[in-house]
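Take a look at the structure below.
Every number here is computed from the coordinates shown, using simple stated rules; none is lab data. The model shown is predicted, which means the values in this text are computed figures rather than measured ones. A quick note on method: Cβ atoms are made from the backbone with ideal geometry, for glycine too, and the neighbour counts reach across all protein chains shown.
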Amino acid sequence: MSERSPKDKDNSVQVLEFVPAEVAEIDLYQKREKIYTRKIEGFFQRIRLYTGWPLLIGYFVLPWLNWGDRQSVLFDLPERKFHILWMTFWPQDMSMLAWLLIIAAFALFAVTNLAGRVWCGYTCPQTVWTAMFMWIEQKTEGSRNQRIKLDQQPWSFDKFRKKFLKHSMWLGLAFFTGFTFVGYFTPIVGMTIDLAQLSIHPMAAFWIGFFTLATYGNAGWMREQVCKYMCPYARFQSAMFDPDTLIISYDKARGEPRGSRKHADDHQQQGLGDCIDCQLCVQVCPTGIDIRNGLQYECIGCALCIDACDSVMDKMHYPRGLIRYTTENALKGKKLHIIRPRLVGYIVAVALMVSFLGYRMATRDSIVLSVLRDRQALYYTTDSGQIENRYTVKIANKTETNHKYRLSLNSSAPIQMPEQGAITVSSGEVRELNIRLTLAPEYSEQAANSVQFKVYAESEPEKSVTVDSKFFAPGSGH
Ligand code: SF4
Ligand code: SF4
């Protein structure tokens, strides 16, 4: 910007005029540059394999397993019941699920404070699925250099064949992922039979299609863009970092000045550090960053650059660990503190919440009793002159076994309930009863009487549940 400031001599008013020296157009949208990652093997990639595979197998297999006579994990939205292995969560238990999510979040905070973005690098579904999609890409289109060449080539039969094969496999895996995901919400065996008979419910078909496209787009096309621009955790995880958090870092003091060298042995005499500037750490990085520029929010902590650099160090006969897991304090030569207040705070919070949730789950009612008064009339008078109140009583069996229940009534007034006998309710089922309570007219001087319904399983009479309600009568003013 250049500035001109002519002075008005008569009235001493200064008028400032700003004339832009150059006008530049800034594009707020940064165009994505395709990242061609190089395949690398090493210690940390084996760990990623061992953490990724069990999760994948668990994801794909779990909905096919049964627990008793129902699907082991089923989020049954129409029935408003969530089955997770031996546990069934009813709408009344939703606060427990909320607690479970809060505990998971705090556990993630603790792990992040201790070991940085290990969740992102080793177990996040986006990372695991992207790694599978990249594996397919390498198998169908070849190595990094072959893929770069293929993309630069004009279209040919061979290029079409390779691309077609890659996208078909991507879509197949994405479909399998989407179908399994919907199978956590709809019984998967029935859905598979429906699919085979082409009679699948349109809503299920829609969600399978949606999650297929989401997987295909996220893991095949968007990849690191999801971590960089869409994942909120990437943005706020640095708030959990402190100078003692484990981060993947390049040892500048050891690596610089970087540069290629003729002989590996005398690089110090040549005034060079250990980094030979081979760019391998950049070429393997799935987010396309150069870790030598310092810690960046794009780094997902996958440790590919560590394995890449260690392989280079091995070839050069230099010690491993030019890029390594370390801490800011360790890099500055300061003492490492593993136990620190914030970490202790997270762990204590998680322990307290787990204990609270465990207590809530151990002591939660295994029966749900709900009592709804008839809304059409306060009371009825029967042919024999009795005062009658009508109720809808629901008994839900939240246990994993069938039970026989007993329903009884408590009231200070002589209100009668017909004998109910044993009420059988299957596991996970709700039984609805229409109950009519009666009161002789000579006792009806009180307009509102308190009544208490009580239910218990015959096999566990000590675990009873009670619900208070009202019995209305004409009252003395009638
Ligand atoms: S892989 Fe290691 S040696 Fe090669 S550029 Fe990266 S830091 Fe330097
Ligand atoms: S810099 Fe890249 S390769 Fe290294 S851990 Fe971070 S994301 Fe992975």
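Using the alpha carbon gyration tensor of the chain, what are the three equivalent-ellipsoid semi-axes (square root of 5 times each eigenvalue), largest first, in whole Å?
Here the semi-axes work out to 64, 32, 26 Å.
Using only the Cα atoms, what convex hull volume per residue in Å³ does the stretch 97-206 have?
160 Å³
What list of ³J(HN,Hα) values in whole Hz, one per residue of the stretch 262-271 in order, does the Karplus curve 6.51 cos²θ - 1.76 cosθ + 1.60 (θ = phi - 60°) give from phi, with Gly and Pro shown as x?
With the stated coefficients, the stretch 262-271 comes to 7, 10, 5, 6, 9, 5, 5, 5, 7, x Hz.
For SER168 and THR123, what is the calculated FRET efficiency with R₀ set at 35 Å and r taken between the beta-carbons, to the nearest 0.05? Please report the intermediate quantities before stating the final value.
Values: r = 28 Å, r/R0 = 0.79.
After rounding, the FRET efficiency stands at 0.80.
About the Cα centre of the stretch 236-347, how large is the charge dipole given +1 on each Lys and Arg Cβ and -1 on each Asp and Glu Cβ? Please answer in debye to the nearest 20. Can you show the working numbers first?
Details: 14 positive and 14 negative charges, 63 e Å.
Once rounded to the nearest 20, the dipole reads 300 debye.
Take each of the peptides 380-389, 246-255, average the number of other beta-carbon atoms within 10 Å over its residues, and list them starting from the highest. Walk me through the numbers before you get to the answer.
On the way: 380-389: 14.1, 246-255: 18.9.
Packing proxy ranking, top to bottom: 246-255, 380-389.
Give me the extension gain from LEU213 to GLN153: residue separation times 0.36 nm, minus the current Cα-Cα distance, reported in nm with one decimal.
Roughly 18.9 nm would be gained on extension.
If the reach is capped at under 25 angstrom between alpha carbons, list the lysines near LYS159, excluding any in the same chain fewer than eight residues apart.
Partners within reach: LYS31, LYS34, LYS39, LYS139, LYS149.
Subtracting the Cα-Cα distance from 0.36 nm times the residue separation, let me have the gained length for CYS278 to GLU432 in nm, one decimal.
48.1 nm
Tell me, what HN-Hα J-couplings in whole Hz come from the Karplus equation 6.51 cos²θ - 1.76 cosθ + 1.60 at θ = phi - 60° for each residue of the stretch 205-210, using x for Gly and Pro?
4, 4, 5, 5, x, 4
Figure the gain on full extension for TYR229 and VAL344 (residue separation times 0.36 nm, minus the Cα-Cα span) and round it to one decimal in nm. Don't skip to the answer; put the middle values down first.
Working: separation 115, 0.36 × 115 = 41.40 nm, distance 3.11 nm.
Here the segment from TYR229 to VAL344 would lengthen by 38.3 nm.
Let's test the formula: R0 of 22 Å, r as the Cβ-Cβ distance of GLN268 and GLN296. What FRET efficiency results, to the nearest 0.05?
Taking R0 as 22 Å, the efficiency between GLN268 and GLN296 is 0.15.
Sorted by mean Cβ packing within 10 Å, highest first, what order do the peptides 59-67, 301-309 take?
Descending packing order for the listed peptides: 301-309, 59-67.
Starting from the Cα coordinates of the stretch 242-331, work out the convex hull volume and express it per residue in Å³.
86 Å³
With each pseudo-label sitting 7 Å past Cα toward Cβ, what's the THR392-TRP64 distance in nm, one decimal?
4.2 nm
Relative contact order (percent) for the chain, with alpha-carbon contacts under 8 angstrom and 6 or more residues of separation?
Computed value for the chain: 13 percent relative contact order.
Please give me the summed charge of the neighbours of LEU343: other residues whose Cβ is under 14 Å from its Cβ, Lys and Arg +1, Asp and Glu -1.
0
Of the listed peptides 165-178, 259-272, what is their order by residue-averaged count of other C-beta atoms within 10 Å, with the highest listed first?
165-178, 259-272
Once you place label points 7 Å from the Cα toward the Cβ at LEU336 and ARG360, how far apart are they in nm?
So the label points at LEU336 and ARG360 sit 3.7 nm apart.
Of MET361, MET203, MET96, how do they rank once you tally other Cβ atoms within 10 Å and put the fewest first?
MET203, MET361, MET96
Determine how many Å³ per residue the convex hull of the Cα atoms of the stretch 321-364 encloses.
Each residue corresponds to 89 Å³ of Cα convex hull volume.
What is the distance in Å between the Cα centroid of the stretch 414-478 and that of the stretch 182-236?
48 Å
Starting from the Cα of ALA253, step 7 Å along the direction of its Cβ; do the same at LEU97; then give the gap between the two resulting points in nm.
Distance between the two pseudo-spin positions: 5.2 nm.
In which sequence would PHE181, PHE471, PHE236, PHE109 go, from the one with the fewest C-beta neighbours within 10 Å to the one with the most?
By the 10 Å Cβ count, ascending: PHE236, PHE181, PHE109, PHE471.
What ³J(HN,Hα) values, in whole Hz, does the Karplus curve 6.51 cos²θ - 1.76 cosθ + 1.60 give for the stretch 294-307 when θ = phi - 60°, with x put for Gly and Pro?
Coupling constants for the stretch 294-307: x, 5, 10, 5, 6, 5, 9, x, 7, 6, 4, 5, 5, 4 Hz.
Over every pair of different alpha-carbon atoms in the stretch 367-472, take the mean of 1/r and invert it; report that Kirkwood radius in Å.
Details: mean 1/r = 0.0692 Å⁻¹.
The answer is 14.5 Å.
Can you sort THR123, THR245 by how many other beta carbons sit within 10 Å, fewest first?
Working: THR123 15, THR245 22.
The fewest-first ordering by Cβ neighbours comes to THR123, THR245.
Return the FRET efficiency for the residue pair TYR50, SER311: r is the Cβ-Cβ distance, R0 is 25 Å, and the value is rounded to the nearest 0.05.
On the way: r = 19 Å, r/R0 = 0.78.
My answer for the efficiency is 0.80.
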